[in-house]
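J.: Questions regarding the structure given below will be posed in turn.
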Amino acid sequence: MINKRLLIKNLLAHHDENSFYDKKRQLNLHTKEGKAKFLKHICALSNSNPSNNSYIVVGVEDETNEIVGDDFFDDSRIQNLVNAFLENPPKIQYENVPFPKLPKDKVVGLVTIKPKSKTSYFKKGIHTIEANTYFVRKGSNTSPTTEKIPYSKQNVETVISIESSSRNNIEHTLESVIDFINNRHKDLVSQYKVFKELFVVCWAGNKKKIRDREYYSRVDIELVTEQVKLFYSALDEVSIDYDENSFVITEYISLGLNDKTSYYPFERVSLTFFDNGYYKMKSEILFEPPQYNRKMLHHIYNSNLSLLGKLQKGLLLQPSEINDLENLPQIMMICYLNGFEDAKQKLIDAKPLLKSIDNPFVFISFKEVMRILRKMKYNTRNE
C-alpha cells in the first residue's frame, strides 16, 4: 500500500521532470486551453512510459519545488475528459494529498497514469491541438510527433524503486491519525474507523442532528492509510454511514432564491474494503436541479448580469449589492440549470472579478459552484 505523501516527496526529492513525471503549479480545466494542456501531458507521459505508472504532481512551484498546494479537486470523472479526446486513452486517477504545513483547504494533487500497451493520440481536436496528433515526452519537454512511438521499458526499475520506498507502515499511519485528531482538527468533532485491519478512515466536522439523522459541515475526510483526502468542503453538508466493509459519504448542497433555501442530495461516494488489501470507490450523482418560474428567474438573471457589469466597469457598489455578491455564483448556476445557457460562461468569465473581492466567501462560493457544474457535466456526457 503506497503512502501518497511519501511518493510525492520521493518524486520531488530525487528527480527533475522527465519522461515519467511532471509537475504543475495548478490545473485549469475551466477553459479549452487548460484542458488541452492537461490532455497533452497525459498523452505524452503515457506514450513515453507505457510499461509502468507515470505521475503529474499539482501544487508545486516549477522553479523552486516549493509545495504550495492547490484547491481540493474531487472530480472522479476526469477520466471521461481523457476518454473523450484521446484514442487508446490510459486509465488515470486523481488524488488529493494533504501536507502538514498547507492550509486546510489546500492539498497537493497527484495524477497517476496507468501503464498500457497501445499508443495514445488525439481523436479530435481541442484548442490548438489538431486531431490525429501524437505527443511524446523527451526529458522535461512535451512535443508533438508524427512518427511511430516505439514501446519502451526505460523507466521500469526507477519507478519500481520510487514506489517501493513510498510504501506505508504502521508508524506513518499512527502519526497521521494523531495529527489529524489532535492538531489539524482539534476544534472539531473527530472520529476514525479501521476497516479490514488495514485501512483507516478519519473524519472531522461540525456535527448536528436533524430528525434523528447526523450531518457534518466544514467536513474533512481522509483515507489516512494512503494519505488521501476523500472529501473537503467549507460550505456543503454531508451524512456519513459505515459498517464493517464500507464507508459511504452523501453530500448535500443548499440552493434557493430570495432567502428560501433547501438541501438537495448531490453525490454519494462509497468505499468498499476487501480482505485482500484492496478497496473500491464508486461515485453516483443524485442531484435533480430545482426548477423555478421562468419569468421570475429572467428578472433575477438580468439583475445579476447588471451587477457583474458594474464590477467590470469598476463602479461603486451599494451595500446591498456587496451582500448580493455572495449569492451570485449560486444564482448563476441555478439560472444555467434552468435553461439560461450562457449563464455558466458568463460566470467563468467573471472569475478574476470575483477573486478580487475583499470578501473571501465570494470566491469560495464560485469554486464550489464550478465544482458542482463540472461534476454534473462529466456525469451526463463525455466532453
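J.: Taking the criterion of being surrounded by 14 or more Cβ atoms within 10 Å (Cβ to Cβ) and touching a His at 6+ places or on another chain (Cβ under 8 Å), would at least one residue in the stretch 38-53 satisfy it?
T.: no
J.: Select from the stretch 109-118 the residues that are in contact with a Pro (Cβ under 8 Å, 6 or more places away or on another chain) and of a type in the set (Val, Ile, Thr) and list them in ascending order.
T.: Ile113
J.: I've got another one for you. Considering only residues of the stretch 223-269 that are of a type in the set (S, T, N, Q) and within 29 Å of Lys196 (Cβ to Cβ), which is surrounded by the most Cβ atoms within 10 Å (Cβ to Cβ)?
T.: Gln227
J.: Looking only at the stretch 273-297, count every residue that is touching a residue at least 40 places away in the same chain (Cβ under 8 Å) and either in contact with a Leu (Cβ under 9 Å, 6 or more places away or on another chain) or not in a strand (DSSP E or B) (or both) and tell me the total.
T.: 13
J.: Please go through the stretch 16-43 and pick out each residue that is touching a Ser or Thr at 6+ places or on another chain (Cβ under 8 Å), part of a loop (DSSP other than H, G, I, E, B) and not polar (S, T, N, Q).
T.: Those that are touching a Ser or Thr at 6+ places or on another chain (Cβ under 8 Å), part of a loop (DSSP other than H, G, I, E, B) and not polar (S, T, N, Q): Asp16, Glu17, Phe20.
J.: Which residue is surrounded by the fewest Cβ atoms within 10 Å (Cβ to Cβ), if the candidates are limited to the stretch 184-193 and must be touching a residue at least 12 places away in the same chain (Cβ under 8 Å) and not basic (Lys, Arg)?
T.: First, the residues of the stretch 184-193 that are touching a residue at least 12 places away in the same chain (Cβ under 8 Å): 184-185, 188-193.
Narrowing the set further to residues that are not basic (Lys, Arg) leaves 185, 188-192.
Details: His185: 19, Leu188: 17, Val189: 12, Ser190: 17, Gln191: 14, Tyr192: 14.
Per the criteria, the residue is Val189.
J.: Let me ask another. In the stretch 123-182, what residues are of a type in the set (A, V, I, L, M) and within 30 Å of Pro100 (Cα to Cα)? Talk me through it step by step, then tell me what you get.
T.: In the first step, residues of the stretch 123-182 are kept if they are of a type in the set (A, V, I, L, M); the result is 126, 129, 131, 136, 149, 156, 159-160, 162, 170, 174, 177-178, 181.
Val159, Ile160, Ile162, Ile170, Leu174, Val177, Ile178, Ile181 - these are the residues of the stretch 123-182 that are of a type in the set (A, V, I, L, M) and within 30 Å of Pro100 (Cα to Cα).
J.: Six or more apart or on different chains, Cβ under 6 Å: which pairs go from a residue in the stretch 194-222 that's surrounded by fewer than 16 Cβ atoms within 10 Å (Cβ to Cβ) to one that's aliphatic (A, V, I, L, M) and at pLDDT 90 or above? Could you list them?
T.: So the pair list comes out as Val194/Val200.
The values are calculated or read from the model by the stated rules, or taken from the named source; none is laboratory data. Keep in mind it's a predicted model, so treat the numbers as computed, not measured. Every residue, glycine among them, receives a Cβ derived from its backbone with ideal geometry; neighbour counts consider all protein chains shown.
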